[in-house]
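A short write-up of the structure that comes next.
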Amino acid sequence: MSPDIEFDFDFTEPEGESALLDAARRLLAVGLSIIPTTQDKLPPLRGWKCYQSRAASFEEVADWFPRHQCIAIVCGKVSGNIELIDLYYSKKRPDIFNEWRKLVEEESRELFSKLIIQTTQNSGYHCLYRCSEVQIPGNHVLARYSTGESLKTLIETRGEGGYFLADPSPGYKLRQGNFTDIPQITPSQREILLRCARLLNECATPPRSPRTSPRRESRSGLSPGDDYNRRGDIRAFLESKGWTYTGKQGDTERWRRPGKDRGNSASLLNGKTFYNFSSNAFPLEPEQSYDLFGLHTLYEHGGDFSEAARALAREGYGDSPPSQPETGGKNLEFPSWVMTGVAGDFASLYSSYLEVPAHFFFMAFLTCLGSILANSLTLASEIAPQPRLFVLLLGASADDRKSTALNKVVDFFKWSVDGFSVCWGVGSAEGLQKRLEDSNRLLLCFDEFKQFISKCKIEASVLLPCVNTLFESNRYESRTKKTDICLDDVYLSLMAASTIGTYENTWNSQFTDIGFNNRLFLVPGTGERKHSFPAKIPDQEKYLLKQRLGEILRHAGDGLELDITPEARELYHDWYMSLEKSVYTKRLDVYALRLMSLLAVNELKTEVDLDVTKKVIALCDWQFSVRALHDPIDADNAIAGMEEKIRRALKTRGSLQERKLKQYTNAARTGLWAYNTARKNLMAHGEIGFNRKEKTYFLRG
């Protein structure tokens, strides 16, 4: 607690059970919308969302208290455009409140003294104000830090549709001001509060670069963009464009935009990533991060990455001229910064105890969540996308713990949610129909995806067209002499595990001709040995996650339709229109819309904002690269299949010695005769060559 904050308020409550009721009446009398909650911040009212648009009556309030434990104030328009800044306590940044306070007072000492301030049950701080001249947006994260496995929130707002627990709820105490007299601040003062919070951010969102940007390492070395990032001076570049260095805290530097006399506009993280939060720093976008190459491209080449790379190559940057983009390298790394919210915290917790890649847990959690909300969560769009996913976890071997991820996430959801319906494999469409008769929302799971493939290959089986159709539809019908399948109003999700080799080689035209493979969201990963005897995850940690999952389900309620903010819509439109026509982009837009609602509700948001949209685009861009690397090979012809695998390995990984080429094509599994024959065929037709000096094979043309 800051020693300089005086205990200055007259919101004195009587002793005993009447305290909450008296407080509720006072808050209601000054125009604030309130709701009851539990100590875990969960509204016990099934239809509580109506109080996001109207205040409760005095009769309703009298019925709530003192039956319920805590009182919460709803933010946004319903309470007169109030907004709250929530500063969390963390062991890594225990003094985050005073750090923020110091920055605010450097710009406006009187502003800080206006705020309503209370301490929270978890040693954090709430800072409340009213700003009637702006439209208060939904909850928004302002600052994060990294645990190494995931990102944790340091500071966020509670805005339109959000709520916060208030004194006299247990554990909450007013320290400055009075809820019955919330101060009015100007838009510029509000911007100071938000800007100072963003300055404390340790984890800027990586910039989105076009897939056609020649930034990645080429087969023969660094691209011009990567080389410029390595050798260039980002500070000198910023100063040349009028930016001013204003100070430093830890590894974070503060910078002020051109044309501004005081305050801060951006931060430089670890001397490499420039995070701009000013809306007046053209050509930079607010709340976007840039490396040196990105800054150079915007300032010097109007955002044309290809032209910027060619110009840098002419100046001697890069080991070779810019080439076409490759699918290997950095772009195949899962964008771990997207793992936030309850799904991110689940992934962080479970991956710290088990040898499973964190993003396996994250995507499996979203799949289960989407299955539960399949018919109750959507976007405000005519096509009404459902949040159902068909996710396939890929690993090189059993060491990657794919099945562990499936089992642990499913077990958690079965423990947490009554009626969570899951089926561990079916052998026919008739069998699937029987399970869907028991529950029209079903998660179909396979420990070994090969089992599903083999069942679909059975002559006269309609399992494949049935599952294929149910990806985009909620009905399927097939009536023949031997089958009578009629499904309507059903919601199927799918989650499975497979080795990479099995996935790439078990297909035939029966699957690829109907596009089943591009209905799958592929999640490759590699496990890491770190626990010879894994400890048990504390029950309390699991229970807290269960409560937070319950909060998501309450947030969605019987039906939640999310709109998209204008800036998020514009960003998504640009991405959608720039999607290249490729087999690897088919249905990526479908997944983008499904992930929008899932990622938003995962963070209890009331709309799809810019932050959610950036995460969705990052996931879909990553999926594009994954598909290009692991595209299924028609296995009807072993030689033709091996030829395609050799082409792909050399295209994505560059020149390879024979030992590595065999490894990346799984030659031992397919057979050395098939490998040698395929290699000779490609050599004979001039598609690949052999460098005798380096003893490597390379792809020609």
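Can you tell me which residue is least open to solvent (accessible area, probe 1.4 Å) among those in segment 677-701 that are in a helix (DSSP H, G or I) and in contact with a strand residue (DSSP E or B) (Cβ under 9 Å, 6 or more places away or on another chain)? Taking the candidates together, the pick is Leu682.
Taken over segment 107-143, the criterion of being closer than 24 Å to Pro94 by Cβ and polar (S, T, N, Q) is satisfied by Ser113, Gln118, Thr119, Thr120, Gln121, Asn122, Ser123, Asn139. Just one of the listed residues (Ala640, Ala600) is over 23 Å from Arg158 (Cβ atoms) and in a helix (DSSP H, G or I), namely Ala640. Of the strands (runs of 3 or more DSSP E) that lie entirely inside segment 476-575, those containing 1 or more residues that are in contact (Cβ under 8 Å) with a residue 60 or more places away in the chain and among the small types (Gly, Ala, Ser) span 491-499. Given (1) of a type outside the set (Asp, Glu); (2) modelled with pLDDT of 85 or more; (3) loosely packed, with under 14 Cβ neighbours inside 10 Å; (4) part of a loop (DSSP other than H, G, I, E, B), where does Leu284 come up short, assuming only one miss? Going through (1) of a type outside the set (Asp, Glu); (2) modelled with pLDDT of 85 or more; (3) loosely packed, with under 14 Cβ neighbours inside 10 Å; (4) part of a loop (DSSP other than H, G, I, E, B) one by one, Leu284 breaks only (3).
Given the condition touching a helix residue (DSSP H, G or I) at 6+ places or on another chain (Cβ under 6 Å), surrounded by 15 or more Cβ atoms within 10 Å (Cβ to Cβ) and outside any helix (DSSP H, G or I), answer yes or no: does some residue in segment 662-676 qualify? There is at least one residue in segment 662-676 that is touching a helix residue (DSSP H, G or I) at 6+ places or on another chain (Cβ under 6 Å), surrounded by 15 or more Cβ atoms within 10 Å (Cβ to Cβ) and outside any helix (DSSP H, G or I).
Here Arg54 clears all of (1) in a helix (DSSP H, G or I); (2) more than 25 Å from Gly171 (Cα to Cα) except the condition numbered (1).
For segment 308-330, filtering for residues that are modelled with pLDDT of 75 or more and either surrounded by 14 or more Cβ atoms within 10 Å (Cβ to Cβ) or in a loop (DSSP other than H, G, I, E, B) (or both) leaves 10. The set of residues from segment 64-113 being of a type in the set (Gly, Ala, Ser) and either open to solvent by 10 Å² or more (accessible area, probe 1.4 Å) or within 14 Å of Tyr125 (Cα to Cα) (or both) comprises Gly80, Ser90, Ser108, Ser113. Just one residue in the set Val356, Val338, Val342 is more than 16 Å from the chain's Cα centre (by Cα), modelled with pLDDT of 85 or more and among the hydrophobic types (A, V, I, L, M, F, W, C); that residue is Val356.
Quick check, is Arg26 open to solvent by 50 Å² or more (accessible area, probe 1.4 Å), under 17 Å from Ile182 (Cα atoms) and at pLDDT 90 or above?
Details: open to solvent by 50 Å² or more (accessible area, probe 1.4 Å): yes; under 17 Å from Ile182 (Cα atoms): yes; at pLDDT 90 or above: yes.
Taking the combined requirement at face value, the residue satisfies it.
For segment 452-509, the tally of residues that are open to solvent by 30 Å² or more (accessible area, probe 1.4 Å) and among the aliphatic types (A, V, I, L, M) stands at 3. If only residues of segment 645-661 that are in contact (Cβ under 8 Å) with a residue 60 or more places away in the chain and assigned to a loop (DSSP other than H, G, I, E, B) are counted, the one that is most open to solvent (accessible area, probe 1.4 Å) is Ser655.
Does Lys605 qualify as being in a loop (DSSP other than H, G, I, E, B), open to solvent by 40 Å² or more (accessible area, probe 1.4 Å) and charged (D, E, K, R)?
Values: in a loop (DSSP other than H, G, I, E, B): yes; open to solvent by 40 Å² or more (accessible area, probe 1.4 Å): no; charged (D, E, K, R): yes.
Considered against the rule, which asks whether it is in a loop (DSSP other than H, G, I, E, B), open to solvent by 40 Å² or more (accessible area, probe 1.4 Å) and charged (D, E, K, R), Lys605 comes out as no.
The single condition among (1) open to solvent by 10 Å² or more (accessible area, probe 1.4 Å); (2) assigned to a helix (DSSP H, G or I); (3) farther than 30 Å from Gly76 by Cβ that Ala618 does not satisfy is (3).
Among the residues of segment 136-176, those identified as out of contact with any strand residue (DSSP E or B) (no Cβ under 6 Å at 6 or more places or on another chain) and open to solvent by 30 Å² or more (accessible area, probe 1.4 Å) are Pro137, Ser146, Thr147, Gly148, Glu149, Pro168, Pro170, Gly171.
Considering only residues that are open to solvent by 50 Å² or more (accessible area, probe 1.4 Å) and touching a helix residue (DSSP H, G or I) at 6+ places or on another chain (Cβ under 6 Å), which ones fall in segment 29-52? If the condition is that a residue be open to solvent by 50 Å² or more (accessible area, probe 1.4 Å) and touching a helix residue (DSSP H, G or I) at 6+ places or on another chain (Cβ under 6 Å), then Asp40 is the only one that fits. Close Cβ contacts (under 6 Å, 6 or more residues apart or on different chains) running from residues in segment 178-189 that are in contact (Cβ under 8 Å) with a residue 12 or more places away in the chain to residues that are open to solvent by 20 Å² or more (accessible area, probe 1.4 Å) and among the acidic types (Asp, Glu) comprise Pro187/Glu133.
All of (1) in a helix (DSSP H, G or I); (2) without any contact (Cβ under 8 Å) to a residue 40 or more places away in the chain; (3) of a type in the set (Lys, Arg) hold for Lys581 with one exception: (1). Could you give every pair whose Cβ atoms fall below 6 Å, whose first residue belongs to segment 334-345 and is within 18 Å of Asn139 (Cα to Cα), and whose second residue is open to solvent by 10 Å² or more (accessible area, probe 1.4 Å) and assigned to a helix (DSSP H, G or I), counting only separations of at least 6 or pairs across chains? From residues that are within 18 Å of Asn139 (Cα to Cα), the pairs are Val338/Ala618; Val342/Arg548.
Yes or no, residue by residue, for (1) touching an Asp or Glu at 6+ places or on another chain (Cβ under 7 Å); (2) closer than 21 Å to Gln52 by Cα:
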site: Thr120; (1), (2): no, no
site: Val134; (1), (2): no, yes
site: Thr153; (1), (2): no, no
site: Thr157; (1), (2): yes, yes
site: Tyr163; (1), (2): no, yes
site: Gly171; (1), (2): no, no
site: Gln184; (1), (2): no, yes
site: Arg190; (1), (2): no, no
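Examine segment 560-574 for a residue that is open to solvent by 30 Å² or more (accessible area, probe 1.4 Å) and basic (Lys, Arg), and state whether such a residue exists. Yes, because at least one residue in segment 560-574 is open to solvent by 30 Å² or more (accessible area, probe 1.4 Å) and basic (Lys, Arg).
The values are calculated or read from the model by the stated rules, or taken from the named source; none is laboratory data. Because the structure is a prediction, the values reported are computed rather than measured. With ideal geometry, Cβ positions are generated from the backbone for all residues, glycine too; neighbour counts draw on all protein chains shown. Just the protein is used for accessible areas: all its heavy atoms, side chains included, with ligands, DNA and RNA removed. Shrake-Rupley method; radii C 1.70, N 1.55, O 1.52, S 1.80 Å.
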